[in-house]
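Enquirer: Here it is, the structure in full.
The values are calculated or read from the model by the stated rules, or taken from the named source; none is laboratory data. Everything numeric in this text was worked out from a predicted model, so none of it was measured. Note that each Cβ is placed from the backbone with ideal geometry, even for glycine, and that neighbours are counted across all protein chains shown. Heads up: the accessible areas ignore ligands, DNA and RNA and are worked out on the full protein's heavy atoms, side chains in. Shrake-Rupley method; radii C 1.70, N 1.55, O 1.52, S 1.80 Å.
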Amino acid sequence: MKKFDISIIGGGIVGLATAMYAKEKYPEKTICVFEKENILAKHQTGNNSGVIHAGIYYQPNSQKAKFCWPGSLLLRKFCDQNEIEYEMCGKLIIATKEDEIERLNNLHERGLKNGVEGLELIDKQKIKEIEPYVEAIKGLWSPNTGIIDYKKLTEAYANIFNNNGGLILKNHELMNIEENDKSLILETNIGEYETNYLINCSGLFADRVAKMMDLDFDVRIVPFRGEYYTLTNESEKMVNGLIYPVPDPDLPFLGVHFTKRINGEVEAGPNAVMAYSREGYKKFDINLKDMYESFSYPGFWKMVKSNWKTGLSEQYRSLNKLKFVKSLQTLIPSISSQDLTNPGAGVRAQAIDKNGNLLQDFSIVKTNNSLHVLSAPSPGATSSLKIAEHLMKEITI
Ligand SMILES: Cc1cc2nc3c(=O)[nH]c(=O)nc-3n(C[C@H](O)[C@H](O)[C@H](O)COP(=O)(O)OP(=O)(O)OC[C@H]3O[C@@H](n4cnc5c(N)ncnc54)[C@H](O)[C@@H]3O)c2cc1C
């Protein structure tokens, strides 16, 4: 049976950043990434919004706050050194009603506390200079927010890992883990492997992989589909960069917004609706095992109880394009249904605890022979190098 010193489960951006740093830290160790798909970055990483977040929103001293701004700087440096395209197009967060101004000011304060540089509160006139189609009364301008293709970044991490002697086994799905005194036996769809140490970076399946080691951290992943439209070619001119509303402080989602992509397209969304499959990219995709795992978890029903109104409203908007357009019109009043085409979706892993709380922060836990990234929601891609750096400090090998 083939044996590795370190095995990383999951070939998304967190898994590959971790693999790259692990091989740098332990050049003599054998390190392998197991990925169930035939390509890397097929799930959250490959379907995300492609934003290099600056770190404005996050609770000061949370891991998100600690990792995002420095993570974005590390990422930009990595891209400069490895000739990976990115664009600092900037982001505008706008208040459209008087009662949003205080929240916008608080956001500014929070961004400053989190160390984000370049933030500026701006008036109507400056807003119009940056985004002529936006109607707002006050804005928060973040010039240090940018855009990138995270699939390409993941591939760049993978190339460095490979060139340094790391191994990536695609089409290898981890099905079960047996533990003996000295090591872990990884049972995959292809065969068995032995490892001394395991790092779980399996995204939407992080709780399930932890359970394979009989670990129950009392966190369950509930999948949420983020649905968006693309602006037609003619309408792209209405958006120069990233345009966001002031977010609802009680929700982990940022509200529907406009996102310029690195390929020049503009996305509008996302709606956040519960998915009935962890990899359910279409509205009616269903996976009975995934549904059972959500519905049988007591925390799920507590979450439903405290969020049912928002949930219903998001469901309604998911089925009603006009409602979707109405939300977008609070940012750009002249946008209409005809400007929106090509609906698409990404699925995010939303971790909830047994009390039904939506986990807002990253969640990383360790045992004597394993590390588990239980929750790495947005800005996980921006923070990938910082998360990997943190894992390298936690690893005990
Ligand atoms: C819609 C959406 C928009 C987002 N926008 C942004 C953004 O603009 N900026 C940002 O910074 N972050 C964003 N994020 C968050 C970001 O995408 C995630 O933080 C990041 O991709 C997490 O990476 P990951 O490697 O942990 O997970 P993933 O990319 O999901 O990778 C996990 C991998 O594990 C594999 N896997 C799972 N189970 C097994 C198994 N049993 N055996 C083998 N392999 C397995 C999967 O196939 C997958 O490839 C967004 C997320 C979503 C969903």
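Enquirer: Please go through (1) open to solvent by less than 20 Å² (accessible area, probe 1.4 Å); (2) out of contact with any Pro (no Cβ under 8 Å at 6 or more places or on another chain); (3) within 12 Å of the ligand (Cβ to nearest atom) for Ala95 and return the number of the only condition it doesn't satisfy.
Expert: Unmet for Ala95, out of (1) open to solvent by less than 20 Å² (accessible area, probe 1.4 Å); (2) out of contact with any Pro (no Cβ under 8 Å at 6 or more places or on another chain); (3) within 12 Å of the ligand (Cβ to nearest atom): (3).
Enquirer: Restricting the search to region 152-182, which residues are buried (at least 17 other Cβ atoms within 10 Å of the Cβ), more than 9 Å from the ligand (Cβ to nearest atom) and farther than 30 Å from Glu85 by Cβ?
Expert: Ile177, the sole residue that qualifies.
Enquirer: Moving to a separate point now. Given the criterion over 30 Å from Ser277 (Cβ atoms) and out of contact with any Cys (no Cβ under 7 Å at 6 or more places or on another chain), identify the matching residue among Lys23, Lys36, Lys42, Lys64.
Expert: Details: Lys36 fails: over 30 Å from Ser277 (Cβ atoms); Lys42 fails: over 30 Å from Ser277 (Cβ atoms); Lys64 fails: over 30 Å from Ser277 (Cβ atoms).
Only one candidate qualifies: Lys23.
Enquirer: With a cut-off of at least 2 residues that are at pLDDT below 90 and within 30 Å of Asn61 (Cβ to Cβ), name the helices (runs of 4 or more DSSP H) lying wholly within region 287-374. Before the answer, list the steps.
Expert: Values: elements: 288-295, 298-319, 321-329.
Once the helices (runs of 4 or more DSSP H) in region 287-374 are filtered for at least 2 residues that are at pLDDT below 90 and within 30 Å of Asn61 (Cβ to Cβ), what remains is 298-319.
Enquirer: Show me the strands (runs of 3 or more DSSP E) entirely contained within region 102-191 in which 1 or more residues are under 16 Å from Gly10 (Cβ atoms). Can you show your working first?
Expert: Details: elements: 120-122, 138-142, 146-148, 167-169, 174-179, 184-188.
So the answer is 167-169, 174-179, 184-188.
Enquirer: Now, a different point. Quick check on Thr310: is it in the same structural domain as Ile177 (by TED's automatic domain parsing), open to solvent by 30 Å² or more (accessible area, probe 1.4 Å) and more than 16 Å from the ligand (Cβ to nearest atom)? Break it down stepwise before answering.
Expert: On the way: in the same structural domain as Ile177 (by TED's automatic domain parsing): no; open to solvent by 30 Å² or more (accessible area, probe 1.4 Å): yes; more than 16 Å from the ligand (Cβ to nearest atom): yes.
Judged against the criteria, Thr310 is not a match.
Enquirer: State whether the residues of region 383-390 include one that is open to solvent by less than 30 Å² (accessible area, probe 1.4 Å) and assigned to a loop (DSSP other than H, G, I, E, B). Full working, then the answer.
Expert: To start, the set of residues in region 383-390 that are open to solvent by less than 30 Å² (accessible area, probe 1.4 Å) comprises 383-385, 387-388.
Narrowing the set further to residues that are assigned to a loop (DSSP other than H, G, I, E, B) leaves 383.
Yes, because at least one residue in region 383-390 is open to solvent by less than 30 Å² (accessible area, probe 1.4 Å) and assigned to a loop (DSSP other than H, G, I, E, B).
Enquirer: OK, next. Of a type in the set (Asp, Glu), within 11 Å of the ligand (Cβ to nearest atom) and in contact with a strand residue (DSSP E or B) (Cβ under 9 Å, 6 or more places away or on another chain) - does that describe any residue in region 257-265? Walk me through it before giving the result.
Expert: Initial filter on region 257-265 (of a type in the set (Asp, Glu)): 265.
Filter once more, keeping what is within 11 Å of the ligand (Cβ to nearest atom): none.
Looking for residues that are of a type in the set (Asp, Glu), within 11 Å of the ligand (Cβ to nearest atom) and in contact with a strand residue (DSSP E or B) (Cβ under 9 Å, 6 or more places away or on another chain), one finds none in region 257-265, hence no.
Enquirer: Go over the candidates Ile52, Ile101, Ile8 one by one and state the one that is of a type outside the set (Phe, Trp, Tyr) and either out of contact with any strand residue (DSSP E or B) (no Cβ under 7 Å at 6 or more places or on another chain) or over 20 Å from Lys386 (Cα atoms) (or both). So that I can check it myself, show each step before the final result.
Expert: Details: Ile52 fails: either out of contact with any strand residue (DSSP E or B) (no Cβ under 7 Å at 6 or more places or on another chain) or over 20 Å from Lys386 (Cα atoms) (or both); Ile8 fails: either out of contact with any strand residue (DSSP E or B) (no Cβ under 7 Å at 6 or more places or on another chain) or over 20 Å from Lys386 (Cα atoms) (or both).
None of the others qualify; the one that does is Ile101.
Enquirer: Let me confirm something: among Ser49, Ser62, which residue is within 16 Å of the ligand (Cβ to nearest atom) and out of contact with any Gly (no Cβ under 9 Å at 6 or more places or on another chain)?
Expert: On the way: Ser49 fails: out of contact with any Gly (no Cβ under 9 Å at 6 or more places or on another chain).
Result: Ser62 is the single residue among Ser49, Ser62 that is within 16 Å of the ligand (Cβ to nearest atom) and out of contact with any Gly (no Cβ under 9 Å at 6 or more places or on another chain).
Enquirer: Please go through (1) within 12 Å of the ligand (Cβ to nearest atom); (2) open to solvent by 10 Å² or more (accessible area, probe 1.4 Å); (3) not assigned by TED's automatic domain parsing to the domain that holds Cys201 for Gly71 and return the number of the only condition it doesn't satisfy.
Expert: (2)
Enquirer: On the basis of being within 16 Å of the ligand (Cβ to nearest atom) and either in contact with a strand residue (DSSP E or B) (Cβ under 8 Å, 6 or more places away or on another chain) or open to solvent by less than 50 Å² (accessible area, probe 1.4 Å) (or both), does Ser370 make the cut?
Expert: Working: within 16 Å of the ligand (Cβ to nearest atom): yes; either in contact with a strand residue (DSSP E or B) (Cβ under 8 Å, 6 or more places away or on another chain) or open to solvent by less than 50 Å² (accessible area, probe 1.4 Å) (or both): yes.
Yes, satisfied.
Enquirer: Filter region 18-46 for residues that are within 11 Å of the ligand (Cβ to nearest atom) and surrounded by fewer than 21 Cβ atoms within 10 Å (Cβ to Cβ); which is farthest from the chain's Cα centre (by Cα)?
Expert: Among those that are within 11 Å of the ligand (Cβ to nearest atom) and surrounded by fewer than 21 Cβ atoms within 10 Å (Cβ to Cβ), it is Asn38.
Enquirer: So Phe258 fits all but one of (1) among the aromatic types (Phe, Trp, Tyr); (2) farther than 19 Å from Gln315 by Cα; (3) more than 19 Å from the chain's Cα centre (by Cα); what number is the exception?
Expert: Answer for Phe258: the failing condition is (3).
Enquirer: Let me ask something else. Can you name the number of the only condition in (1) surrounded by fewer than 23 Cβ atoms within 10 Å (Cβ to Cβ); (2) within 19 Å of the chain's Cα centre (by Cα); (3) of a type in the set (A, V, I, L, M) that Ile221 fails?
Expert: (1)
Enquirer: With the requirement that a residue be more than 16 Å from the ligand (Cβ to nearest atom), open to solvent by 70 Å² or more (accessible area, probe 1.4 Å) and charged (D, E, K, R), what does region 322-361 give you?
Expert: Lys326, Lys354 - these are the residues of region 322-361 that are more than 16 Å from the ligand (Cβ to nearest atom), open to solvent by 70 Å² or more (accessible area, probe 1.4 Å) and charged (D, E, K, R).
Enquirer: Would you say Thr195 is within 9 Å of the ligand (Cβ to nearest atom), at pLDDT 95 or above and over 22 Å from Ser363 (Cβ atoms)? Even if it seems obvious, please write down each step before you answer.
Expert: On the way: within 9 Å of the ligand (Cβ to nearest atom): no; at pLDDT 95 or above: yes; over 22 Å from Ser363 (Cβ atoms): yes.
No.
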